[in-house]
1. Of all residues in the stretch 146-158, how many are over 24 Å from the mean Cα position of the chain (by Cα) and open to solvent by 10 Å² or more (accessible area, probe 1.4 Å)?
2. For the stretch 261-284, enumerate the residues that are polar (S, T, N, Q) and surrounded by fewer than 17 Cβ atoms within 10 Å (Cβ to Cβ).
3. Which one of these is in a helix (DSSP H, G or I), more than 18 Å from residue 197 (Cα to Cα) and over 52 Å from the mean Cα position of the chain (by Cα): 306, 269, 273?
4. Looking at (1) surrounded by fewer than 16 Cβ atoms within 10 Å (Cβ to Cβ); (2) under 20 Å from residue 194 (Cβ atoms); (3) in contact with a helix residue (DSSP H, G or I) (Cβ under 6 Å, 6 or more places away or on another chain); (4) not hydroxyl-bearing (Ser, Thr, Tyr), find the lone condition where residue 247 falls short.
5. Pick from 211, 258: which is under 43 Å from the mean Cα position of the chain (by Cα) and open to solvent by less than 10 Å² (accessible area, probe 1.4 Å)?
6. Can you give me the number of residues within the stretch 174-208 that are of a type in the set (Ser, Thr, Tyr) and within 30 Å of the chain's Cα centre (by Cα)?
7. Tell me the residue from 287, 232 that is part of a loop (DSSP other than H, G, I, E, B), among the basic types (Lys, Arg) and exposed (fewer than 15 other Cβ atoms within 10 Å of the Cβ), please.
8. If you check 315, 319, 305, which single one turns out to be surrounded by 13 or more Cβ atoms within 10 Å (Cβ to Cβ) and modelled with pLDDT under 90?
Amino acid sequence: MAVNRQTSKMALYLVWTLLGFSLSAPPTDLDSEAFNPNYNDLNTWGMTYDYDDLDEEVGTLAPPPVTQPPAVVSPEDYVEEMTLPPRPTKSPVLSTLDFRGPGLFGPDTGLGMPSCLLCVCISGSVYCDDSELTQIPPLPKETTHFYARFNKITEVKATDFINLNQLKRIDLSGNQIGKVNEDSVRSLLQLQDLMLADNNIEALPELPASLKHIDVRNNQLRSSGMHAEAFKEMKELQFLYLSNNKLDYIPVPLPDSLRVLHLQNNNIQSLSQDTFCNTHDKSYIRKALEDIRLDGNPVDINLYPQAYICLPRLPVGTPV
């Protein structure tokens, strides 16, 4: 049994060896003529090509299709930017105004900013208090009450209140006014209150007879700077404040409607029997005048008892 197994193994080994040599043996040389083609025989195959037909074939070819690029769709919030040409510049045109003509605003309209843009306008009242004004601004023609206190106004011009026919009150207290033009308020026939306290006024212009309340306290007002009989025609004047000025005498005659007269701290040195009363009418009584202040003046009121016999109350005053 052992000899047979050994013989079988040797036979199997011999078969594998022979098989390996057969697989790795080089190929047999082939006939070279079989792989040497005769290129001259191409014509015999009918393979000739006529190049003159090339142009005709190319010309008959359809052109390639033209494809359009996709349309560009702008987003909804896209805004195209454009460069605008420069605007032509115009030379400034000087304002030529007719101060007495019709229009929305009073004098100087167009020469300055209307007061309703600088101040506060409520109905017919214009409030310009403490606004750093150096002059009176253009006012709407329907203005009835004008307040411009505590500013830096230095002058009241003749054209400041033209066409303001409804103006009833002007309050310019606490400014730096040194001059009030002679024609500035004369034409204001509805004016009732003129407030010019705490300024530097040396002379008063001609005033309208419609005034009821005049306040010129704390100025530099002199008797020479007042019109003769300045208050005589003011039949409705009730309050006259002239204290802390440089007046030399009481501005007579005073209207019967007067209720309050303040003249303290001036330079008044004497009184007359006709200052308050009427020497030609012993029965005359001035009932309305109840508040007279003469203190702070060099006049001694005790020396003029006949000057008060028509008054319901004696004036207040002691000499300095």
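The values are calculated or read from the model by the stated rules, or taken from the named source; none is laboratory data. Being a predicted model, the structure only gives us computed values, none of them experimental. Here the Cβ positions follow ideal geometry from the backbone for every residue, glycine too, while neighbour counts run over all protein chains shown. Ligands, DNA and RNA are stripped out before the accessible areas are found, and what is left, the full protein with its side chains, is counted by its heavy atoms. Shrake-Rupley method; radii C 1.70, N 1.55, O 1.52, S 1.80 Å.
1. Of the residues in the stretch 146-158, 3 are over 24 Å from the mean Cα position of the chain (by Cα) and open to solvent by 10 Å² or more (accessible area, probe 1.4 Å).
2. 267, 269, 270, 272, 273, 278, 279, 283
3. Going through 306, 269, 273 in turn, just one is in a helix (DSSP H, G or I), more than 18 Å from residue 197 (Cα to Cα) and over 52 Å from the mean Cα position of the chain (by Cα): 306.
4. So the condition that residue 247 fails would be (1).
5. Within the list 211, 258, the selection yields 211.
6. Counting residues in the stretch 174-208 that are of a type in the set (Ser, Thr, Tyr) and within 30 Å of the chain's Cα centre (by Cα) gives 1.
7. 287
8. After applying the criteria, what remains is 319.
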